[in-house]
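In what follows, a single structure is set out as structure tokens and then discussed.
Read-outs throughout are calculated quantities, based only on the coordinates presented, and are distinct from any laboratory measurement. This structure is a prediction, so every number in the text was calculated from the model and none was measured. All Cβ positions, glycine included, derive from the backbone under ideal geometry; neighbour counts span all protein chains shown.
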Amino acid sequence: MNTYLGIDIGGTAVKLGLVSENGEVLLRQEASVSFDNYQTPILETVRKAAARMLAASREAGYQPVGAGVSATGQIDSGQGIVAGTCGSLPGWPGAPIRAVLESDLGLPVTVANDANCMILGEAWVGAAKGYTDVLGVTIGTGLGGGVLTGGRLLEGARGLGGELGHMRTHACNGQRCTCGAAGCWERYASTSALVRQAVRLDPRLDNGRAIFGAARQGDAAMLRLLDSWIVEIAEGLAGLVHLFNPQLILIGGGVSSQEELLIRPLARQVKARVMPAFAQGLEVRPAALANDAGLVGAVCYFIRHHA
Ligand SMILES: [Zn+2]
């Protein structure tokens, strides 16, 4: 049985796994990439962690045949480099991830965007298994996205495609976004957007968990806030449903476990906003792989490119 290294590089941590050809995670490790406020470049931390993971895999009797990397930022998957970022991640733009890791590990390496890897992982062994047309949206600090269409990952010319959070849903007088534009969907539909509004009403409600907790206890202001936030998410999704005609909308991120207060009302709101034929059979459900989605999806991407 072939095994692969999966490496999921985020803005605060790198998660590593040894993944089987069936998508099972056999070993796991994690390291902070922000431990010294990025004095140590992220790629340096990743190189050390990847070398440790390869050594641990070999000690356990495995011989990984390649490495799939899932990385935050705009990833040029053709060249395996970081083509850009939103906001500041010191030293990250331009990082030659693939070249450096191929030379360090002596293995072939692929690199792709983290939200794109998430949807591949979910389609391989998670909540989107068996589906060919899926919209994946990860709701968190920002709004990550990925599109599976006809079973293929939509990547665009350089691998940058599927950056759904920066679709403009508020073209007039929109809020400024970290990408430099204004009115982007993620300024209204991310968990951060929800939190920004909640803390104005109650400074203690400074995270998604607290906001959903208050809503569950009947806090009328939080219930109203959730309603209008869900409408913002649904408006963006409705546009995307008309573009891609998905069978499934997959919601990831910490808030995706809120079945009653998020997933169900969101499904209703999306279906109410699309033409009836697009709503037929359309499913909305939470992602299943949680923290493993990136590294498992990165290995899926690798296998698809080395089959
Ligand atoms: Zn933006």
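Taking only the Cα atoms of the range 62-121, the ratio Rg/Rh comes out at 0.99, with Rh defined as the Kirkwood radius. Here the contact order of the range 129-287, divided by its residue count and restricted to Cα pairs under 8 Å and six or more residues apart, works out to 23 percent.
Inter-part distance, the range 127-146 to the range 169-187, computed on C-alpha centroids, equals 21 Å.
Modelled label positions at D133 and N245, each set 7 Å beyond Cα in the direction of Cβ, lie 0.5 nm from each other.
If you model the range 35-101 as an ellipsoid using its alpha carbon gyration tensor, with each semi-axis the square root of five times an eigenvalue, the axes come out at 24, 15, 8 Å, biggest first.
What does the highest-first list of 161-169, 238-246 look like by mean Cβ count within 10 Å?
Values: 161-169: 19.7, 238-246: 17.1.
Taking the mean over residues of other Cβ atoms within 10 Å, the ranking is 161-169, 238-246.
Cα convex hull, the chain: 135 Å³ per residue, rounded to a whole number.
For the range 70-104, the residues whose backbone nitrogen is under 20 Å from a point 7 Å from the Cα of D36, taken along Cα to Cβ, are 89-93, 95-96.
The GNM of the chain, with springs linking C-alpha atoms under 10 angstrom apart, assigns the highest mean-square fluctuation among Q79, Q280, Q63 to Q280.
For the range 101-192, what does the relative contact order come out to in percent, with C-alpha contacts under 8 Å and a separation of six or more? Each step should come with its number before you reach the end.
Numbers: 148 pairs, mean separation 19.7, N = 92.
Over the range 101-192, the number comes to 21 percent.
Multiplying the residue separation of R204 and R168 by 0.36 nm and removing their Cα-Cα distance gives an extension gain of 9.9 nm.
Hey, what's the Cα Rg ratio for the range 129-287 versus the globular rule of thumb, 2.2 N^0.38 Å? Please list the in-between numbers first.
Details: Rg = 15.5 Å, N = 159, 2.2 N^0.38 = 15.1 Å.
Normalised Cα radius of gyration, the range 129-287: 1.02.
For the chain, the longest principal axis of the Cα atoms and the long axis of helix 191-201 meet at an angle of about 40 degrees. Full extension of the segment from T12 to L27, taken as 0.36 nm per residue of separation minus the current Cα-Cα distance, would add 3.4 nm.
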